[in-house]
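First up is the structure itself, then whatever we jot down about it.
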Amino acid sequence: MWMMITVFSALIACSDDKPPESTPTDTTRPTTSTDTGTLTDTGVGYTTETDAGVVPVPPAGPYGSYTFDVPAVANWVNTGLYLRAGETAEITAAGTWTVDGASLGPDGDPGLDEERGCTKGMLVARSGLRFEEAVTCIGEGATFTAPSDDIVYVGMIFSTDLGETYGDRLRLGGAIEVTVTSEGDTVPTVAADAVATYDFDAVASGQVELESDYNLVTIDAAQVALDRDEAVEGLATLDSIYTIEADMRGMTPFSGQRVRWYPDETISAFAYMLAGNPVRCDPGLMTGNDSQRILRSGETGTDIWGFAHELGHTFTLANGAWVYMYTNLESWPNLFTLRALEELGRTDDQPNYDSYCDGREAFLSAPEYEQVRDDPFLQLCFLKEFEAVYGDDFYDDFYRGMNEQSNDDLRYDGTDASIWRYVRDRFDLSAGEDTSYLFEEWAIPLE
Ligand SMILES: [Zn+2]
């Protein structure tokens, strides 16, 4: 007999792959890279009509007035407005959107309780996207007064920022029409193919968002100007990582919305990056040394393990089913990391690639479950055994099956064994035979 017990979402705070802070001394790095692969449409259907549009603002204010759709599923829409602390915007909204298929207006549904002081289902606005920061209730209309100098984002409030990482917005649908009116400055969204020619010096707010096919990067305009020669290749590399991982998963996270990379200085004390949409980043990933910066992802000397790993997190829980990873949330995403690095030909000079299985022989000579449970790289090494035995498509098959699964399908009874039995059963489907022997060899409990 099994029972469902409450499973708590964990903070996916990644800090194990932080590169050194020192400035690299390698000055021989080429300025362009030819081994980053090309973006191809492989037919998974990566973007959907739920994707939020771009508010087409000029490089400087006054902002004026814009009316645009805000899909409920959107992990925050950039209004294109930049307000300094104390500046204001009038925001109004009309139409209906849905929670679990039930229609509601911009004021939300009082029957749904509250989140950060606003009725769930309501339109809210926020200054920036720092983790779990305050929001301002808007509903059908209100004045928004900026608490800090920041980009103004709007969206439905439905859960915590952490809950959004775990797919809470997958229950939401529809879109309302929002009008924003202000004399404030602007935050243009610049398409990847315009980066080479855009006049970043003209951006009065100093902030832009760069938009590629599958990613958004929130960043200082001055930094883009500095990295202009590498940025197009960098964005293409992020897109390639995304499409490689999407091919492996067979579906996309966040209903196919672009994944935003957002600098959040409030997470730096406990994490290098925080998975979700946005992926919250130590600001060093936008403005740090040459081997760190996201816009240099196309350069062979840039550490892209972390970017592939964070996208890997989002793909591991693309449909909201994630309890299968409950024993160690940091091992599974690297199945995607490794796939991306290998297909891109970027396995040289990346952290962990040559070493993640180093503990294998010592472990197997005296296997103890707690060790493979708690060490994300040893657990990754275990998971990779199945590819070695059953072929490179093993996880492609596994995840296509997982796309039809929910957390309720895993009959979690509070024991690790109940999780591993479920994983074993799913692996058996991919392998076409009983895979229990590999679990037993690695001391993974099934009973
Ligand atoms: Zn992680």
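Only bridges whose two residues both fall in region 184-298 count here: according to DSSP, what percent of them are antiparallel, nearest 5? Intermediate values should be presented prior to the final figure.
Details: 7 of 16 bridges.
Of all bridge pairs located within region 184-298, approximately 45 percent are antiparallel.
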Exercise. In nm, what is the difference between 0.36 nm times the number of residues separating Glu433 and Glu387 and their Cα-Cα distance?
Worked result: 15.2 nm
Exercise. Karplus couplings for region 118-132 from phi (6.51 cos²θ - 1.76 cosθ + 1.60, θ = phi - 60°), rounded to Hz, Gly and Pro as x?
Worked result: 10, 4, 4, x, 7, 6, 10, 10, 8, 8, x, 10, 4, 4, 6
Seminar exercise, completed: Scalar couplings 3J(HN,Hα) for region 355-362 by Karplus 6.51 cos²θ - 1.76 cosθ + 1.60 (θ = phi - 60°), nearest whole Hz, x for Gly and Pro, are 10, 5, 9, 4, x, 4, 5, 4
Exercise. Taking a ≥ b ≥ c as the square roots of the eigenvalues of the Cα gyration tensor of region 82-164, is the shape rounded (a/c under 1.5), prolate (a/b larger than b/c) or oblate?
Worked result: oblate
Seminar exercise, completed: Ranked from fewest to most other Cβ atoms within 10 Å of their own Cβ, Thr316, Thr92, Thr143, Thr197 fall in the order Thr197, Thr143, Thr92, Thr316
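Where does the chain land at 222 nm, in deg cm²/dmol rounded to the nearest 500, when only DSSP H runs of n ≥ 4 count, each adding -39500 (n - 2.57), divided by all residues?
Numbers: 12 runs with 119 residues, N = 447.
Using -39500 (n - 2.57) per qualifying helix, the result is -8000 deg cm²/dmol.
For region 335-377, take the convex hull of the Cα atoms, compute a quarter of its surface area, and give me that in nm², please. Let's see the in-between values first.
On the way: hull surface 13.6 nm².
Answer in nm², one decimal: 3.4.
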Exercise. Binned at 20 Å from 0, what are the whole-percent values of the Cα-Cα distance distribution for the chain, short to long?
Worked result: 25, 55, 19, 1
Exercise. At a Förster distance of 45 Å, what's the computed FRET efficiency of Ala202 paired with Asp358, Cβ-Cβ distance as r, to 0.05?
Worked result: 0.30
Problem set entry | Burial ordering of Trp261, Trp322, Trp442, fewest other beta-carbon atoms within 10 Å first | Trp442, Trp322, Trp261
Exercise. What residue among Ala89, Ala134, Ala102 shows peak mean-square fluctuation when the chain is described by a Gaussian network model with Cα springs under 10 Å?
Worked result: Ala102
Seminar exercise, completed: Here the cysteines of the chain lacking a cysteine partner under 4.7 Å (Cβ to Cβ) are Cys14, Cys281
For this session: Quote the relative contact order of region 220-360 in percent (integer), defining contacts as alpha-carbon pairs under 8 Å separated by 6+ residues.
Result: 27
Exercise. Which far-off residues, 5 or more places away or on another chain, put their amide H under 5 Å from the one on Ala175, with H placed in the peptide plane?
Worked result: Ala72
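Contour minus end-to-end for Thr347 and Arg400, with contour as 0.36 nm per residue of separation and end-to-end as the Cα-Cα distance?
Working: separation 53, 0.36 × 53 = 19.08 nm, distance 2.60 nm.
Gain on stretching Thr347 to Arg400: 16.5 nm.
Where nothing but the Cβ of Lys and Arg (+1) and of Asp and Glu (-1) is charged, how large is the charge dipole of the chain around its Cα centre, in debye to the nearest 20?
Details: 26 positive and 79 negative charges, 171 e Å.
For the chain, the charge dipole is close to 820 debye.
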Problem set entry | Residues of region 151-170 with amide N under 16 Å of the 7 Å Cα→Cβ point at Arg84 | 151-152
Problem set entry | Estimated vicinal HN-Hα couplings, Hz - region 142-148 in sequence order (Karplus 6.51, -1.76, 1.60; Gly, Pro = x) | 6, 8, 9, 10, 5, x, 8
Seminar exercise, completed: Protection proxy (average C-beta count within 10 Å per residue), highest first, orders 276-286, 406-416 as 276-286, 406-416
Seminar exercise, completed: By the C-alpha gyration tensor axes a ≥ b ≥ c (rounded if a/c is under 1.5, else prolate when a/b exceeds b/c, else oblate), the shape of region 344-424 is oblate
Seminar exercise, completed: Cα-based Rg then Dmax for region 200-336, in Å, read 14.8, 50
Problem set entry | Ratio of Rg to Rh over region 271-360 (Cα coordinates, Kirkwood Rh, two decimals) | 0.97
Problem set entry | Footprinting exposure proxy for Thr327, Thr302 (fewest neighbouring C-beta atoms within 10 Å first) | Thr327, Thr302
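A short reminder: the numbers here are calculations on the coordinates, not readings from a lab. These figures come from a predicted structure and were not determined experimentally. Cβ atoms come from the backbone with ideal geometry, glycine included; neighbour counts cover every protein chain shown.
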